[in-house]
Amino acid sequence: MIHDSVILSYVVDLQNDQIIIHTRYDDSRMVEEMNVIFINVLSHKFDHPLKGSIILSIQQSSVQHFMDDNSEMLLKSRSYGWPTWYESLEELQIILTEENYKYIELLSSYGMSGWVVAKDVQYVPRESMT
């Protein structure tokens, strides 16, 4: 279960290009903890990290959607080498597509939301109690 899970913590490991979000789903029948692991992370942006943040969903969108959603920020940050070095938005889109990056959106019911550009995402159960 990731829908309605609470974000307990997250770690941005810049050295290893990885982000781990530790979540907990808790209802009257079960408690399940999960690590959402983003692998080969190029970039991310999280807004509104609050204690008790609740995940609505984590969904993959197209690279084109990433470009459309973030074009202004991408243009402003290009001179800083963010999210990587590129000459034009068209070149960045080609790089992201050819290198098989995914635009993964974190949607929330409450609190932290945002996105990650990474090559993969895995859901790894930590423990289950019934």
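Please give the helix 63-77 orientation as an angle from the longest Cα principal axis of the chain, in degrees from 0 to 90, rounded to the nearest 10.
The angle comes out at about 70 degrees.
Divide by every residue of the chain the summed helix terms, -39500 (n - 2.57) for each DSSP H run of at least 4, and state the resulting mean residue ellipticity at 222 nm, rounded to the nearest 500 deg cm²/dmol.
For the chain, the value works out to -6000 deg cm²/dmol.
Hey, what angle do you get for helix 89-98 against the long axis of the chain, alpha-carbon based, 0 to 90 degrees rounded to 10?
Once rounded, the angle reads 60 degrees.
Let me have the relative contact order for the chain, percent, based on Cα pairs under 8 Å that are six or more residues apart.
That works out to 34 percent.
Please name whichever of Asn100, Asn40, Ile20 sits farthest to the positive end of the charge dipole of the chain, dipole taken about the Cα centre and charges placed at Cβ: Lys and Arg +1, Asp and Glu -1.
The listed residue farthest towards the positive side: Ile20.
Less than 12 Å Cβ to Cβ from Lys45, Lys/Arg counted +1 and Asp/Glu -1: what total charge do the surrounding residues give?
Net local charge, Lys45 excluded: -3.
Cβ under 12 Å from Ile55's Cβ, Ile55 left aside: what net charge do those residues give with Lys, Arg +1 and Asp, Glu -1? Before the final figure, lay out each step's value.
Numbers: positive: Arg24; negative: Asp4, Glu105.
With Lys, Arg at +1 and Asp, Glu at -1, the neighbours total -1.
What net charge is computed for the residues neighbouring Tyr103, neighbours being all others with C-beta under 12 Å from the C-beta of Tyr103, Lys and Arg scored +1, Asp and Glu -1?
On the way: positive: Lys45, Lys102, Lys119; negative: Asp68, Asp69, Glu105.
Counting the neighbours of Tyr103, the net charge comes to 0.
Over the residues of the chain, compute the C-alpha Rg and express it relative to 2.2 N^0.38 Å.
Here the Cα radius of gyration is 1.12 times the empirical estimate.
Among the GluC sites (Glu not before Pro) within segment 50-126, which fall in a DSSP loop and have no more than 15 other Cβ atoms within 10 Å of their own Cβ?
When the GluC sites (Glu not before Pro) of segment 50-126 are filtered for loop state and at most 15 Cβ neighbours within 10 Å, Glu87, Glu99 remain.
For segment 1-69, state which trypsin sites (Lys or Arg not before Pro) are in a DSSP loop and have at most 15 other beta carbons lying within 10 Å of their beta carbon.
Sparse-neighbourhood loop trypsin sites (Lys or Arg not before Pro): Arg29, Lys51.
Computed from the coordinates by the stated procedures, all read-outs in this text should not be read as laboratory data. What you see is a predicted model; the values in this text were computed from it and never measured. Here the Cβ is made from the backbone with ideal geometry for all residues, glycine too, and neighbour counts use every protein chain on show.
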